[in-house]
Amino acid sequence: MRHRADFSGGELNVIVLIKHVIDVELNVRVRDGSVVQDGMTYVLSKWDENAIEAALVLKDAHDGEVTAVTIGPERSGESLRKALAMGVDKGVHINDPATEGSDSMGYARILAKTVTRQPYDLILAGRQSQDTDQGGTGPMLAELLNIPLVGNVVEIAAVDGTKLTAHRNGDAGKEVVEVTLPALLTANDSLNEPRLASLRGIMAAKNKPMEILTLADLEIDPATVGAAGAGTEVVEMQPPRARAAGQKFEGAPEEITKEVMGLLVNEAKIFG
Amino acid sequence: MSETNFYKCDLRELEFALFEQFRLGELLASPPFDHISEDEARMILKEANRFAGDILGPTLAPADREGCRLTPEGVKVPKILHNVWHKYYEQGWNTLAMPETWGGQGAPRLLAVPVSEMMSAANLAFHTYPQLTLGVSAVIHGLGSPEQKALFGKKLDTGEWSGTMVLTEPQAGSDVGLSTTKAIPNSDGSYQITGNKIFISGGDNDFAENIVHLALARIEGAARGSRGLSLFLIPKIKVNPDGSLGEANDVVCTRVEEKMGIHGSATCALSFGENGGCVGYLIGGGSSKEGDASGGMQKMFLMMNEARVSVATQALGVASTAYLNALEYSRTRLQGAHHQKGRGEAGAVAIIEHPDVRRMLMEMKCRVEGCRALLYYIRRMDDRISILRASDPQGVGELHDYFSLFIPLLKAHVTDMGVEVASLAVQVFGGAGYTADFPAEQYLRDSRILPIYEGTNGIQALDLVGRKLGQNGGALIQRFSREVGDFAATLKSRPGYEIESGKLEVAVAGFNKVLAQYLQFAAGDKLELILVTGAPFLEMMGHTMCAYLLLEGALIAEAALAELEPESSEAQFYRGKIASARYYTRNLLPLAIALADTIAAGDATALEIPDGGFSLAY
């Protein structure tokens, strides 16, 4: 499934995976086991903005083309248009009701069929989407494509010939990883400061190509994706548990310190 | 230290005004605006909101604290504004409503209003620089010679250079005709300029390579008064024919004002040609020999009218963010017991639960929305003019005159209301609002300039009653009265709006009564009774207009509400729109009704009091 690894200082073609998600900055309400749709607004998932920025920086340095891909209903087109306004060259929108209810694996299957329709050197994605916070799609796609994965990337240090060096935040600190292209990277939000879409960018976006595809176009069996093909099922949504109110102490510092220490030792039993 | 970002904007509310009430979609369906889609317009709003929030918002307090300083090298504006100036131009926000032929995006001005509103809400002091620069660019593109357009227009549009509007002199404030700045013709067609100007916003700065001043000066031998003034383009640094910068043009900033607010905006005193080396170029052709070079005021008014609409937009932006900050605070600040439910589990209730706080929030909300409706209504007319220009030139003339009727009303009413809203915001914050920990006090300080600059609100009232009322034989003001009267009559048949339609009818009747009385004052040689009541007249007209437009919005909200689940968030939004209309009509429109009585009564007390009666001590 490897598509192209002939980048050697020429053009670098990058595919960015993006997702249009519920704006979690707003007060998301959960009722009867599912998220209340009323009053919801949707935005481009924030780590995807880092992935787009990284792709555009690479494009500036190496030329080539940046293609953004998204899966979702009509409204997801807004995030694609935003990606185009930020400077992405081309959009691909998989808009098919049968994709609804996909889990990470389902998305990865669809994306695997999508990205292999054109040559690419690098795939960039957010390290997770802001709505489900699963972080599964990128790694699963890399597996399906049989290409190297670097997750949680905080710096793209060098692209040299067919090699790319990335820094990632690992368990024990920063890891420096070298991969052979094509590869898939998922972006941490400290990777860069995403640019804002400029007015000129917004106006230029309408002249950029936007491809709209169905599962049939991609020759995907609807039974393998969407809710029908999902190996996982969200049984119920629960709102985060409300935290108990904090306790406020007033008075002279020595007295407060004494009081707080007493509570920590005797009630919270922190100092066993 | 990262700065708290207090910028707030309710996009849903802007979208209502833009798309539902003032039907931007219709404008986007017609040339010259049909190259922009509604989706693009929505994206422009969202991205402008993000720019205002992420880039400008955090600069509000730091730029206020640092202020502008005069140094031997010129004026230093707050460092934090340098970066945002360049980003603003990189992103092209100044080009939104600029015609395509000038290199702009050619969007309707109606769409540019909410964008300006957001920028002003985020940092009013900053936004004065690009707004003035845009105004200067418009004059040069509109009236300048091909050379002036090529040499100066483009650099103003890229933000490499900035622009200013130069009118005021120490002895010539509202009375600009007293200007003494002189222009003496040079042999090459340029002029030698000498004079001192004050209160020049953005008169000097250290983020633009050059500054283009548009200044009023009197050509030697020209008539006295404002009609003898000509408009000149005076660069800070001379520009060579190839566009490169030459030597300094003997324009020196001699002072930066210490002000109450907008500390990030450099208010400068400028000396032109103190060493005899200041060159200016006449704008809009004509020559001193032929005596047709004056008309500078008319040319400046191209910019002034635009600037007056901009000032109203600034006021709305600040008022809106002040309201939303007060609202947020009122939901989190716990104080006191609810008058029925007691203190509750938390020991106190959020202050939004107190009736008097709710009243203040309602006062702010309905003023902000009323002013927004007024502004968008007028801006829409401007875009209608652009659409008509191709098809119905006669219609353009009428609509343009009607548009000009509203300029003084818009400028004065919205800026007065803006200060009231900012003051109410301080009140909702209580003691905290008087401190610099919260933005309310800065909003109040910043917005206080708005009733003053670009023609004081007193001047606006004079323009309205002294010039605009009589324009076209009184046809414009009658058209206004008819428009509101017709709406009131329609509203009468709407169940549930009996109180509102009744009050609006009474207000229109009062308005007509004042117009008739004004005719009698004029016939009876009592002009002073019109002049002394200009400001209340403007206030009366402003309240009437806002109530009318809010009620029109309420009917749109009613129709939308019929399709919605009553408790859905959209339904709550529309109920909020209806509440604004009702509150305004029931609580503020009665002020207009009362004003009609007092104006018509022709009270001359303020005129007749002996000067010494004000106080003999001063």
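With a requirement of 1 or more residues that are more than 23 Å from the chain's Cα centre (by Cα) and of a type in the set (S, T, N, Q), the strands (runs of 3 or more DSSP E) lying completely within region B:147-253 that satisfy it span B:191-201, B:210-219, B:229-235.
Among residues of region B:560-572 that are away from chain A (no Cβ under 12 Å), those with a beta-carbon under 8 Å from a residue that is surrounded by 15 or more Cβ atoms within 10 Å (Cβ to Cβ) and not basic (Lys, Arg) at least six positions away or on a different chain give the pairs B:ALA560/B:GLU20; B:ALA560/B:GLU570; B:ALA560/B:TYR574; B:LEU561/B:ALA571; B:LEU561/B:TYR574; B:LEU561/B:ILE578. Could you list all residues from region B:75-134 that are touching a strand residue (DSSP E or B) at 6+ places or on another chain (Cβ under 7 Å), within 16 Å of B:THR158 (Cβ to Cβ) and not aliphatic (A, V, I, L, M)? Hits for region B:75-134 are B:TYR129, B:THR133. Selection of region B:80-110 for residues being facing another protein chain (nearest Cβ under 10 Å) and either part of a loop (DSSP other than H, G, I, E, B) or more than 30 Å from B:ALA61 (Cα to Cα) (or both) yields B:GLN91, B:GLY92, B:LEU96, B:GLY104, B:GLN105, B:GLY106, B:ALA107. As for region A:75-82, it holds no residue that is under 21 Å from A:PRO139 (Cβ atoms) and buried (at least 23 other Cβ atoms within 10 Å of the Cβ). Between B:ASP204, B:ASP157, the distinction of being crowded, with 21+ Cβ neighbours inside 10 Å, of a type in the set (D, E, K, R) and over 21 Å from B:ARG69 (Cα atoms) belongs to B:ASP157 only.
Of the residues making up region B:38-53, those that are more than 7 Å from chain A (Cβ to nearest Cβ), without any contact (Cβ under 8 Å) to a residue 40 or more places away in the chain and in contact with a Leu (Cβ under 8 Å, 6 or more places away or on another chain) are B:GLU38, B:LYS46.
Each row is one residue, and each column tells you yes or no for (1) surrounded by 15 or more Cβ atoms within 10 Å (Cβ to Cβ); (2) among the β-branched types (Val, Ile, Thr); (3) over 30 Å from B:ALA41 (Cβ atoms).
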position: A:SER198; (1), (2), (3): yes, no, no
position: A:THR214; (1), (2), (3): no, yes, no
position: A:ARG241; (1), (2), (3): no, no, yes
position: A:GLY262; (1), (2), (3): no, no, yes
position: A:VAL265; (1), (2), (3): no, yes, yes
position: A:ILE270; (1), (2), (3): no, yes, yes
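Against the list (1) surrounded by 15 or more Cβ atoms within 10 Å (Cβ to Cβ); (2) without any contact (Cβ under 8 Å) to a residue 12 or more places away in the chain; (3) charged (D, E, K, R), the condition B:ASP242 fails is (1). Please specify each residue of region B:56-79 satisfying the condition of being in a helix (DSSP H, G or I) and polar (S, T, N, Q). Selection gives B:THR59 alone. Determine whether A:LEU199 is within 14 Å of chain B (Cβ to nearest Cβ) and on the phi < 0 side of the Ramachandran plot. Here the answer is yes, as A:LEU199 does meet what is asked.
The number of residues in region B:16-37 that are touching a residue at least 12 places away in the same chain (Cβ under 8 Å) and within 11 Å of chain A (Cβ to nearest Cβ) comes to 2.
When A:VAL57, A:VAL66, A:VAL92 are checked against the criterion of being under 20 Å from A:GLU219 (Cβ atoms) and among the aliphatic types (A, V, I, L, M), a single residue qualifies: A:VAL92.
Only one of the numbered conditions (1) over 20 Å from A:GLN128 (Cβ atoms); (2) within 21 Å of the chain's Cα centre (by Cα); (3) without any contact (Cβ under 8 Å) to a residue 60 or more places away in the chain is not met by A:GLY39, and that is (2). Residues in region B:182-199 that are surrounded by fewer than 24 Cβ atoms within 10 Å (Cβ to Cβ) and hydrophobic (A, V, I, L, M, F, W, C): B:ILE184, B:ILE198, B:PHE199.
Residues in region B:333-357 that are surrounded by fewer than 12 Cβ atoms within 10 Å (Cβ to Cβ), in a loop (DSSP other than H, G, I, E, B) and under 38 Å from the mean Cα position of the chain (by Cα): none. Looking only at residues of region A:157-207 that are charged (D, E, K, R) and in contact with a Ser or Thr (Cβ under 8 Å, 6 or more places away or on another chain), we find that the one that is nearest to A:GLY77 (Cα to Cα) is A:LYS206. The single condition among (1) surrounded by fewer than 20 Cβ atoms within 10 Å (Cβ to Cβ); (2) on the phi > 0 side of the Ramachandran plot; (3) of a type outside the set (A, V, I, L, M); (4) within 14 Å of another protein chain (Cβ to nearest Cβ) that A:GLY87 does not satisfy is (1). B:ILE578 fulfils the conditions (1) touching an Asp or Glu at 6+ places or on another chain (Cβ under 8 Å); (2) among the hydrophobic types (A, V, I, L, M, F, W, C); (3) over 26 Å from B:LEU327 (Cβ atoms) except for a single criterion, (3). Taking region B:1-55 as the region of interest, the helices (runs of 4 or more DSSP H) fully inside it that hold 2 or more residues being under 23 Å from A:ASP23 (Cβ atoms) are B:11-15, B:38-50. Hey, among the residues in region A:27-46 that are within 12 Å of another protein chain (Cβ to nearest Cβ) and touching a His at 6+ places or on another chain (Cβ under 9 Å), which one's surrounded by the most Cβ atoms within 10 Å (Cβ to Cβ)? If we take residues in region A:27-46 being within 12 Å of another protein chain (Cβ to nearest Cβ) and touching a His at 6+ places or on another chain (Cβ under 9 Å), then A:LEU44 is surrounded by the most Cβ atoms within 10 Å (Cβ to Cβ).
For region B:22-40, the criterion of being surrounded by 21 or more Cβ atoms within 10 Å (Cβ to Cβ) and within 21 Å of the chain's Cα centre (by Cα) is met by at least one residue. Kindly indicate whether any position in region B:590-600 is hydroxyl-bearing (Ser, Thr, Tyr), more than 14 Å from chain A (Cβ to nearest Cβ) and at negative phi. Yes, there is a match, as at least one residue in region B:590-600 is hydroxyl-bearing (Ser, Thr, Tyr), more than 14 Å from chain A (Cβ to nearest Cβ) and at negative phi. When the helices (runs of 4 or more DSSP H) confined to region A:24-117 are screened for residues that are of a type in the set (Val, Ile, Thr), those reaching at least 3 such residues are found at A:104-115. Given the condition within 14 Å of another protein chain (Cβ to nearest Cβ) and in contact with a Phe, Trp or Tyr (Cβ under 6 Å, 6 or more places away or on another chain), answer yes or no: does some residue in region B:58-76 qualify? Checked against the condition, which is being within 14 Å of another protein chain (Cβ to nearest Cβ) and in contact with a Phe, Trp or Tyr (Cβ under 6 Å, 6 or more places away or on another chain), region B:58-76 yields no hits at all. Can you confirm whether region B:498-518 contains a residue that is more than 20 Å from B:MET545 (Cα to Cα) and of a type in the set (Gly, Ala, Ser)? Within region B:498-518 (the criterion being more than 20 Å from B:MET545 (Cα to Cα) and of a type in the set (Gly, Ala, Ser)), the answer is no, since none of the residues qualifies. Is at least one residue of region B:338-348 touching a Lys or Arg at 6+ places or on another chain (Cβ under 7 Å), small (Gly, Ala, Ser) and at negative phi? For region B:338-348, residues touching a Lys or Arg at 6+ places or on another chain (Cβ under 7 Å), small (Gly, Ala, Ser) and at negative phi: absent.
Every number here is computed from the coordinates shown, using simple stated rules; none is lab data. These numbers come from a predicted model, not from an experiment. Note that each Cβ is placed from the backbone with ideal geometry, even for glycine, and that neighbours are counted across all protein chains shown.
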